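Visitor: One structure, as structure tokens, below. Some questions next.
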Amino acid sequence: MTCFTGRPVLRGRGAGPLLSTDQPVNFTAAFTKVLNIVPRWRAEVRDRHHPWFRTNIAGKVLAVPACIGSTHTGLVLLDLVRLKAGPAAIIVDRADTLLVSGIVLSEVWYDRSVPVVEYPTGEIRGLLSDGDMIEVDGDTGTITHLGHP
């Protein structure tokens, strides 16, 4: 079992298969298409310019270098978390308000949240593979590799 310690940003625990990328994610472009209204495609990335195009992020531990896009990003994440279609956890190089605002509001309004930890995602991508089971502890900042699928 491999452990990494990052900086906790949002509390909570989440576990799931790793989904990583070296590309920033534009949540607004990825999840505000007409198909995202359909429940089975709600959490599917619809940004044709992103490597995750047509990938479902629900229940996954996301490792992303950054979040890009408009201020609408927080509302997109709020909706995904509220509808239980969001990721299990997020690991990011540097969290910003665009990324965490919607998750914070989802916790306050709907009592649903996603842990967020800052850690160099390039290191994670170098040591772990997509699909590996990961647990993220947003209280301590601990990222634990639970094993391969």
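Visitor: With Glu123, Glu107, Glu118 as the choices, which residue is touching a Gly at 6+ places or on another chain (Cβ under 7 Å) and of a type in the set (Asp, Glu)?
Guide: Only one candidate qualifies: Glu118.
Visitor: Related question: Got at least one residue in the stretch 72-86 being surrounded by fewer than 22 Cβ atoms within 10 Å (Cβ to Cβ), within 21 Å of Thr5 (Cβ to Cβ), among the small types (Gly, Ala, Ser) and within 12 Å of the chain's Cα centre (by Cα)?
Guide: No, there is no match, as no residue in the stretch 72-86 is surrounded by fewer than 22 Cβ atoms within 10 Å (Cβ to Cβ), within 21 Å of Thr5 (Cβ to Cβ), among the small types (Gly, Ala, Ser) and within 12 Å of the chain's Cα centre (by Cα).
Visitor: Right, here's the next one. Name the residues in the stretch 100-115 that are part of a helix (DSSP H, G or I) and closer than 17 Å to Gly6 by Cα, would you?
Guide: Answer for the stretch 100-115, where residues must be part of a helix (DSSP H, G or I) and closer than 17 Å to Gly6 by Cα: just Val100.
Visitor: Hey, any hits in the stretch 116-124 for a residue that's crowded, with 17+ Cβ neighbours inside 10 Å and assigned to a helix (DSSP H, G or I)?
Guide: Yes, the stretch 116-124 has at least one match.
Visitor: List every residue pair whose Cβ atoms lie under 6 Å apart, where the two residues are 6 or more positions apart in sequence or sit on different chains, the first residue falls within the stretch 66-92 and is touching a residue at least 60 places away in the same chain (Cβ under 8 Å) and within 15 Å of Arg13 (Cβ to Cβ), and the second residue, located anywhere, is buried (at least 17 other Cβ atoms within 10 Å of the Cβ) and of a type in the set (Phe, Trp, Tyr).
Guide: Ile91/Tyr119
Visitor: Kindly provide the set of residues from the stretch 100-115 that are without any contact (Cβ under 8 Å) to a residue 40 or more places away in the chain and either buried (at least 22 other Cβ atoms within 10 Å of the Cβ) or of a type in the set (Lys, Arg) (or both), ordered by number.
Guide: Gly102, Ser106, Arg112
Visitor: Residues that are assigned to a loop (DSSP other than H, G, I, E, B), surrounded by 12 or more Cβ atoms within 10 Å (Cβ to Cβ), more than 12 Å from the chain's Cα centre (by Cα) and at pLDDT 90 or above: does the stretch 30-43 have at least one?
Guide: No, the conditions are met nowhere in the stretch 30-43.
Visitor: Just to verify a result, which residue in the stretch 44-61, among those that are out of contact with any helix residue (DSSP H, G or I) (no Cβ under 6 Å at 6 or more places or on another chain) and crowded, with 20+ Cβ neighbours inside 10 Å, is modelled with the lowest pLDDT?
Guide: Filtering first and then ranking leaves Glu44.
Visitor: Right, here's the next one. Scan the stretch 45-65 residue by residue and report those that are on the phi < 0 side of the Ramachandran plot and among the small types (Gly, Ala, Ser).
Guide: Ala58, Ala63
Visitor: Here's a follow-up. Select from the stretch 1-16 the residues that are in a loop (DSSP other than H, G, I, E, B) and not hydrophobic (A, V, I, L, M, F, W, C) and list them in ascending order.
Guide: Gly6, Arg11, Gly12
The values are calculated or read from the model by the stated rules, or taken from the named source; none is laboratory data. Note that this is a predicted model, so its numbers are computed, not measured. Methodologically, a virtual Cβ is constructed for each residue, glycine included, from the backbone with ideal geometry; neighbour enumeration extends over all protein chains shown.
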